[in-house]
Amino acid sequence: MTWIDASQAQLPTLNQPVFVAPEDRLAQLESEYTLGGGDRVHIDILAVPQYSGEYQIPPGGFLTLPLIGTVLVEGLTVEQASQTLSSQYVRFLKRPLVTVTLLTPRPLNISISGEVNRPGSYSLSLVGGAGNSPGVKSPTLAQAIEQAGGVTLSADIGRVQIRRRRRSGSQNVITINLWELVQTGNQPQNLALRDGDTIYVPPSTNITLAEARQIATTSFAPKPDEPRTVAVVGEVTRPGTYTLIGGNTTNNNRTQGFPTLTRAIQLAGGIKPMANIRQIQIRRLSKAGTEQIIGVDLWQLLQTGDFSQDAVLQDEDTIVVPTASAVNPAEATELATANFSPDTIRVSVVGEVTQPGLVQVPPNTPLNQALLAAGGFDQQRASKSKVELIRLNPDGTVSKRMIPIDFAQGINEDSNPTLRNNDIIVVARSNTARITDAIESSLSPIPNVFGLFNIFDLLNLF
């Protein structure tokens, strides 16, 4: 989907966009603000203080004033209202000079659509001024976006549109680049709104991880502690849906930081040994219904500290962790120490060991260490030269192979491979133990025969 398609789908193209120089926007606001019901104004008639005073414009826009009666001011700028009142008072006063000053603008009704979390219509409260402007001011574009739940991480904040109706009835389209506000603090880009404005935040056609993270830090993005439901599938321990918020997922401090990709993987139990962390995908739906696919390389996060790869997530994201075609043993060892790997894996050690059964060991533990975790070989019965490793492969097949044992060996695929979750190590009996067990098995009926002879002997005594 292109940006042009999105704008055409949601906004009627009555006029070509009108680009207004940033330094002219505030002056334009003052000069083009039109009065209406709910505005509070001060009318000053020079040299006639008894006719001056403050007035609340009623619904309908008619003011009732001394001498001249009712005058319609709705739809006029303050300058036009001043000229209109001067023309009315000229019948009663010699050279009247009337000045209209806006004291309190009325609440604004605006609508907002596109890449915001809660699109719709809003009535915005006025905000307090400061410094030389102690009165109230109109809310800004950023404040309106905050009211709408903030922008999504799919938003193109460099091309936000404000549609504003002129007095003539036509519409003026103002395109705002909020990146200038975010990156340089250019306040004129944070345009003050007017009653009836329509805001459209288009989707981005080229999402970058760095820009998405930067958007997440703005005041008009959702708060980090807002819950987000995401799905995690593929090579993770517990695939499924999870509710994610900012902060450490392993303790109660969950209002610090952002809800990121690695936090979601932690909730899903961590990656499996065959996870391909270089080609993770985040599938994200825009408000227009199109799917955006964002590629993530967590290996870059581990190797270079590229924080942008730990993508900030939004509601209804789907994370896909694909299966690797092969795993480098050195990389697997490093992955085992990452915070998005599981803390432990389960390995079964059966046969002639001191403590046969299930043992829990850190990921990528070598086979020798798992044998020691099970208490080591049964010195009287175990075959100590080799063991059998049984493994369930990612494609559903089962592999078996004999591994020669040498506890002096370091990690290597031939004689001391790293283990995966649910591996089974079988320690066979030694030849001596086999012979002993066979003899015992063959001789086991003999005591019963001897017992029978003993019974006959006892009978003969009587």
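Quick notes on this one:
- Annotation: extensible slack from Arg278 through Leu103 equals 57.1 nm (criterion: 0.36 nm per residue apart, minus Cα-Cα distance).
- The aspartates and glutamates whose alpha-carbon is closer than 14 Å to the alpha-carbon of Lys384, local same-chain residues fewer than 8 away aside, are Glu352, Asp406.
- Compactness index (Cα Rg / 2.2 N^0.38 Å), the stretch 257-412: 1.30
- The fraction of Cα-Cα pairs per 10 angstrom bin, counted from 0 for the stretch 295-346, comes to 18, 50, 28, 3 percent, rounded to whole percents.
- Taking Cβ atoms as reference points and 14 Å as the exclusive limit, the residues near Pro404 contribute a net charge of -1, counting Lys and Arg as +1 and Asp and Glu as -1.
- Taking each residue as 0.36 nm, the span from Thr229 to Ser385 lengthens on full extension beyond its C-alpha to C-alpha distance by 51.0 nm.
- Long-range amide H partners of Leu285 with built H, under 5 Å: Gln292
- Spatial separation of Cα centroids for the stretch 217-231 and the stretch 253-327, in angstrom: 16
- Partner aspartates and glutamates for Lys272 [C-alpha distance under 14 Å; skip if fewer than 8 residues away on the same chain]: Glu235, Glu331, Glu334, Asp343, Asp395, Asp423
- The stretch 77-96-the stretch 134-184 distance, computed between alpha-carbon centres (Å): 35
- Cα shape, the stretch 345-429, gyration tensor, a/c 1.5 rule: rounded
- R0 of 60 Å, Cβ-Cβ distance Arg346-Glu79: FRET efficiency to nearest 0.05: 0.15
- Rg over Rh [alpha-carbon atoms, Kirkwood Rh] for the stretch 34-104: 0.92
Here, each number is a calculation from the coordinates, and none is a lab measurement. What you see is a predicted model, and the numbers here were worked out from it, not measured in a lab. Please note: Cβ atoms are built from the backbone with ideal geometry, for glycine as well, and neighbour counts cover all protein chains shown.
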